[in-house]
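The structure appears right after this line, and notes come after that.
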Amino acid sequence: MIKKLTKYIGQFKFATIVTPFSMIGEVICEMVIPVLMGRIVDKGIYGKDMSYIIHTGLLMLAVALLGLMFGFIGAFMGAKASAGFARNLRKAMFDNIQMYSFANIDHFSPSSLVTRLTTDVTNMQNAFMMTLRMAMRAPASLIIAMTMSFLISPRLASVYLVAVTILSVFLFFVMGRASRYFKQVFERYDDLNESVQENVSAIRVVKAYVREDHEINRFQKAAMNIYLMFCKAELNISFISPAMMFVVYTCILLISWLGAHMIIQNSLTTGELMSLLTYCMNILMSLMMLSMVFVMITMSQASAKRILEVIEERSTLQDPEDPIREVSDGSICFDHVNFAYNAESKEPVLKDICLSIRSGESIGIIGGTGSAKSSLVNLISRLYDVTGGTLSVGGHDVKAYSIEALRGKVAVVLQKNVLFSGTIYENLRWGNRNATDEECREACRLACADEFIETMPDDYNTRIEQGGSNVSGGQKQRLCIARALMMKPRVIIFDDSTSAVDTATDAKIRKQLSESIPDTTKLVIAQRISSVENCDRIVVMDDGRINGVGTHEELLKTNRIYKEVYDSQVGSSDDADFDEKR
Ligand SMILES: Nc1ncnc2c1ncn2[C@@H]1O[C@H](COP(=O)(O)OP(=O)(O)OP(=O)(O)O)[C@@H](O)[C@H]1O
Ligand SMILES: [Mg+2]
């Protein structure tokens, strides 16, 4: 795992290497200071040598400044390296997410992806910085201080050895327990983010159903879970400080007592005792730092795993070796196609679909909710791959095309469609980056979107808010149709794209499209018979199978489902529901 992660240090290698060395530089300076201080006391004060005091004092100042400089470089470079590392991780994750197929997206929930991109990466960033700065510094400080103490007085230094051993065992035990809880905390962030994300993106629905209390409860539950976990972890950690202090003061007392005896016996100087006491703090602090690094690393392990999952997820859709880059015509052929969203699911969603569509033909698709109409058309632009049989467009298997070329020529107006924040022009140019204003206007005219756009304050320069929240459902659908038309596709698929458009406008759009793009194959999924009755052929879907194919008149005579829906819709209002009347 570490090997995989080090790849993302990338251009920040220099800072990554400089940081631990600067920290070691800082430690060395810190360790020299007690020695100099001891000398000032012994030689300067007791020897009453003022010039020695000034000399050594100045040297101490220089060493302190050098230490400060190393500290500054270490802190700056450490921050730079860790922020850069986080940047590289985020970029790698985001780039890979862009490659995901719909099946990959189904695998991760959006909220989990958001947590991984934010909290988990921040967690890694902190752990990386801590490791760079402390992983070398703390052991170096521990070893140097210990060696120095042994050089001064092996007898007194052995007190430290005993203290360090006791404290290490204690810290290892406590940190091990705490890190278990910390690990769980980050897994629970997913729940919290899911609650926030779902609530914020669907805040209107929450309000419409007066579900605020329920949502607040859900959020509080997730927040409470995290709070409790943190408390448990911190409870463990809170034992550390008193234990540390106990050991520190015991050490100081012991050293002072033993040291005083030794001074009287002339086997130790006062200056040496002072140095020893300073090293005491150094040794115990570095032990504390080491344990913190240990916690950080265990905590970040869970995050590292979650980050690598996103980076290493391979798109289930790959371009072939030598892809076809041109879709020659709009013919479509389903040959015994089967499809399931999950490899494990017992029954496929689409079963043995055989259907041949000529280029330029208009096909209506009708069927109850859940009868797999959307699943059927989503295969055409390879949003999902078939699990059995073959599907060809323009005479070639869809898998033989480069995905970009295929999607460039098969436009889909998705059932769950969105607009992006930006002007209407910007949204339309998603379909064709280089389109002129005139082309944008023409597409809007065909989709009957021009009428309402022209009444807007800045007409085509009006800003659409995120998700299209400032246009009505029907207006959004018409803009989405226009956006798809901009691509000048060979196949255009409307998945229930005029459900929110009134019947007269719907009819007008259909008429204009059949006149202006006669050579484009059109697939229209609809609930209203009136939306499909003029199509060249209509496909009736039932529970993942094709129940009947034919013209409106043929189906009225031969297809029971179609006839029943027709009767229900003509018999009552135009908007009769498909399922209710079946
Ligand atoms: N992303 C998905 N993952 C797993 N199962 C799915 C997914 N999308 C749809 N399904 C399942 O596939 C079946 C067919 O769904 P599909 O969306 O194709 O129906 P539909 O005919 O378009 O319905 P509607 O008229 O309501 O749009 C349903 O049983 C649904 O639960
Ligand atoms: Mg659908």
Practice item. Being assigned to a loop (DSSP other than H, G, I, E, B) and of a type in the set (A, V, I, L, M, F, W, C) is the filter; apply it to the range 468-498 and report the residue that is farthest from GLY408 (Cα to Cα). Key: VAL471
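From the list LEU167, LEU156, exactly one residue is farther than 23 Å from PRO34 by Cα, at pLDDT 85 or above and buried (at least 21 other Cβ atoms within 10 Å of the Cβ). Which is it? Walk me through it before giving the result.
Working: LEU156 fails: farther than 23 Å from PRO34 by Cα.
Residue meeting the stated conditions: LEU167.
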Check your understanding: If you scan the range 391-406, which residues turn out to be surrounded by fewer than 20 Cβ atoms within 10 Å (Cβ to Cβ) and either near ligand 1 (Cβ under 9 Å from one of its atoms) or among the hydrophobic types (A, V, I, L, M, F, W, C) (or both)?
Key -> ALA400, ALA405
Practice item. Return the pairs, sorted by first residue and then second, in which the second residue is among the basic types (Lys, Arg) and surrounded by 16 or more Cβ atoms within 10 Å (Cβ to Cβ), the first residue lies in the range 172-187 and is over 10 Å from VAL295 (Cα atoms), the beta carbons are less than 6 Å apart, and the residues are 6+ apart or on different chains. Key: TYR181/LYS232
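Within 8 Å of ligand 1 (Cβ to nearest atom), modelled with pLDDT under 90 and of a type outside the set (S, T, N, Q): which single residue out of GLY388, GLY370 fits that description?
Numbers: GLY388 fails: within 8 Å of ligand 1 (Cβ to nearest atom).
Every option except GLY370 fails the conditions.
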Review point. Can you name the condition, by its number, that THR387 falls short on among (1) closer than 26 Å to ILE538 by Cα; (2) crowded, with 20+ Cβ neighbours inside 10 Å?
Key: (2)
Practice item. Inspect all residues belonging to the range 445-467 and state whether any of them is assigned to a helix (DSSP H, G or I), away from ligand 2 (no atom under 16 Å from the Cβ) and at pLDDT below 85. Key: yes
Check your understanding: Inside the range 97-211, counting only helices (runs of 4 or more DSSP H) that do not spill past its ends, which hold 3 or more residues that are over 27 Å from GLY74 (Cβ atoms)?
Key -> 102-107, 110-115, 154-201, 203-208
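From the list SER375, SER356, pick out the single residue that is within 16 Å of ligand 1 (Cβ to nearest atom), at pLDDT 90 or above, of a type in the set (S, T, N, Q) and under 30 Å from THR551 (Cα atoms).
Being within 16 Å of ligand 1 (Cβ to nearest atom), at pLDDT 90 or above, of a type in the set (S, T, N, Q) and under 30 Å from THR551 (Cα atoms) holds for just one of SER375, SER356, which is SER375.
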Exercise for review: Could you tell me which of the residues ARG433, ARG407, ARG358, ARG382 is at positive phi and of a type in the set (D, E, K, R)?
Suggested key: ARG382
Check your understanding: VAL327 passes all but one of (1) away from ligand 2 (no atom under 16 Å from the Cβ); (2) modelled with pLDDT of 90 or more; (3) more than 28 Å from the chain's Cα centre (by Cα); which number fails?
Key -> (2)
Review point. Just one of LEU414, LEU446 is of a type in the set (A, V, I, L, M, F, W, C) and within 16 Å of ligand 1 (Cβ to nearest atom); which is it?
Key: LEU414
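Each row is one residue, and each column tells you yes or no for (1) within 30 Å of ARG39 (Cβ to Cβ); (2) in the same structural domain as MET285 (by TED's automatic domain parsing); (3) surrounded by 15 or more Cβ atoms within 10 Å (Cβ to Cβ).
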residue	(1), (2), (3)
LEU151	yes, yes, no
LEU161	yes, yes, no
ASP213	no, yes, no
ARG218	no, yes, yes
Check your understanding: What pairs can you find where one residue is in the range 395-414 and part of a strand (DSSP E or B), the other is of a type outside the set (A, V, I, L, M) and surrounded by fewer than 17 Cβ atoms within 10 Å (Cβ to Cβ), and their Cβ atoms are less than 7 Å apart, with a gap of 6+ or different chains?
Key -> ASP397/THR390; TYR401/PRO323
Review point. What residue, of LYS409, LYS416, LYS373, is within 15 Å of ligand 2 (Cβ to nearest atom), basic (Lys, Arg) and crowded, with 21+ Cβ neighbours inside 10 Å?
Key: LYS373
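The values are calculated or read from the model by the stated rules, or taken from the named source; none is laboratory data. Keep in mind the model is a prediction, meaning the values are calculated, not measured. No Cβ is skipped: glycine too gets one built from the backbone with ideal geometry, and neighbour counts run over all protein chains shown.
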